[in-house]
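The structure under discussion appears below in the form of structure tokens.
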Amino acid sequence: MDRRQFFRTGMALGTAMSLPPLARRKLFAASLPASLTDLTAVELSTALAQRQVSCVEVMAAYLQHIHRHNPVYNAIVGLVEDDLLLDQARAADRTLARGESRGWLHGMPFAVKDLTAVAGLRHTSGSPLFADRIADSDAGFVARLRRAGALFIGKTNSPEFGLGSQTYNPLFGPTASAWNPQLTAGGSSGGAASGLGTRMLPVADGSDMMGSLRNPGAFNNVIGFRPSADLMRDTPPATRPLSTSGPMGRNTADTIRLLHTMAPRPLEGPFQALNLDGLRIGWLADLDGYLALESGITPLCEASLGALETAGARVEPVKPRFDPADLWDAWTTLRHAGRASMRRYYDDPASRPQLKPELVWEIEQSMLLGEEDVVRANRIRGDWNRELERLFDNVDFLALPSAQVFPYSKHVAWPRYIGSRPMDTYHRWMEIVIPASLGGIPVINVPVGFDAGNRPMGMQLMGPFGSDRRVLNLGLAYEQVTDFLASRPMLAST
């Protein structure tokens, strides 16, 4: 729904509330887009709460849309049977008829990333080792989603154990970008992002260690938000974790609403678009030539930064006083060290052949590390955090592209080259996300448009640690000066 359609629908809602119930329902129905699946999550929530549309109608519309398009895009896996989901929707309608609502997600379909447990649903983590595993309880944020009224329709596809920024696995196969079913949706939250971009989901969760909320957001022209590293933890961690869960949405407002539900503690302060006048944004570009970028990415990002400048922001090139190679060294050391916990699968002759080669390699790398390597990596990480503090003393936000390549073939595991530069590991092509991940800082992926082949791209907007609300408010402001989120892909169907 574009901005004019949104306001027309909003005015129709306001007029409808002054009419008798039957007339109100007819007027609202006439104001809806062609499909209920085109409503944003916030719009859909309002329509359900005001009983202008029923939970059964919403579920039926989404199931019809999923059955038509999911066989092509493969975003949702382990889909629950239609009859069971419609029964749940009827129960949600009966609750609303009693004047009760569980929350803003009441009656809305939701699919959780397949790395996360949902009671009663398959929980494969994309691995043959867990092909038949059924979760017996909800993960923490899933329980919060359930309490808010979400109806769980299945899972979103993820690469095996979430490894790699390309969503494919031996159980379910690859997931496609909403913009081209032959191209990858990115990863590891590729199923979530594709589900949003194809309008098979109103809102979605993801997780991010190495760009897994940002890269698929970019590849599907949707919003992905990686929170500050401690925000999603029920208890404050001793150190900033490398990985975190987070929300994705078709726009920033939906993303904010979902974050409030997922997070164990609400964010303080108002959510409203930042005043861009005088705002300072540091443009990191390709880190002074260190990063390889596919041709066409930089101009798209710089054009979007230009739109922010036109609205009053000040954009200036920034060069960190830090060797990016040290960041890569620290990152890979800490990442590999984290794979030591999976050594049992490597040592077991029955399970090792079922591991993807990239995971075997990471486990073997962990076996080469000593305590002094981890100490050195953490020392580099501490130095980088101090450098980030210095940078944010001079600018309000930092900007980087969200990926170093445009979406590529979903049948290719990972890019071996960017231009003429070889990629020496399966994740080197996503090195651009490490500055934010290693710092544990909040970062939002915003869309920056499309190349000549209609392949989408995004940009990371990063703020200081703990500035989650301010980063999201920048996302709201960005949407006011760009219109990329109004673009819709031409969907393929079976």
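The values are calculated or read from the model by the stated rules, or taken from the named source; none is laboratory data. Please read all numbers here as calculations on a predicted model, not as lab measurements. Every residue, glycine as well, gets a Cβ built from its backbone with ideal geometry; the counts of neighbours run over all protein chains shown.
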Scan the range 264-284 for residues that are in contact with a strand residue (DSSP E or B) (Cβ under 9 Å, 6 or more places away or on another chain) and surrounded by 10 or more Cβ atoms within 10 Å (Cβ to Cβ) and jot them down. LEU279, ARG280, ILE281, GLY282, TRP283, LEU284
Considering residues of the range 367-423 that are in contact with a helix residue (DSSP H, G or I) (Cβ under 8 Å, 6 or more places away or on another chain) and β-branched (Val, Ile, Thr) only, the residue surrounded by the fewest Cβ atoms within 10 Å (Cβ to Cβ): VAL374
Which residue is nearest to GLY439 (Cα to Cα), if the candidates are limited to the range 344-358 and must be in a helix (DSSP H, G or I) and either touching a helix residue (DSSP H, G or I) at 6+ places or on another chain (Cβ under 6 Å) or modelled with pLDDT under 95 (or both)? TYR346
If you take the residues in the range 433-456 that are part of a strand (DSSP E or B), within 14 Å of the chain's Cα centre (by Cα) and of a type in the set (A, V, I, L, M, F, W, C), which one is nearest to ALA303 (Cα to Cα)? VAL446
State whether the residues of the range 102-121 include one that is of a type outside the set (Lys, Arg), crowded, with 19+ Cβ neighbours inside 10 Å and farther than 28 Å from PRO227 by Cβ. no
Of (1) buried (at least 16 other Cβ atoms within 10 Å of the Cβ); (2) more than 23 Å from the chain's Cα centre (by Cα), MET248 satisfies all except one. Which? (2)
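Just checking, does the range 249-263 include any residue being at positive phi and either in contact (Cβ under 8 Å) with a residue 12 or more places away in the chain or in a helix (DSSP H, G or I) (or both)? Break it down into steps so the answer makes sense when it comes.
To start, the set of residues in the range 249-263 that are at positive phi comprises none.
The answer is no; no qualifying residue exists.
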Examine the range 153-164 for a residue that is at negative phi, surrounded by fewer than 18 Cβ atoms within 10 Å (Cβ to Cβ) and touching a residue at least 40 places away in the same chain (Cβ under 8 Å), and state whether such a residue exists. no
Considering every residue within the range 354-364, establish whether at least one is of a type outside the set (S, T, N, Q), without any contact (Cβ under 8 Å) to a residue 24 or more places away in the chain and under 16 Å from ARG240 (Cα atoms). no
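Could you pull out every one of the helices (runs of 4 or more DSSP H) wholly within the range 14-99 that has 2 or more residues that are at pLDDT 95 or above and either surrounded by fewer than 20 Cβ atoms within 10 Å (Cβ to Cβ) or in contact with a strand residue (DSSP E or B) (Cβ under 7 Å, 6 or more places away or on another chain) (or both)? Please lay out each step first, then the result.
Values: elements: 21-31, 41-49, 55-73, 82-97.
Hits in the range 14-99: 41-49, 55-73, 82-97.
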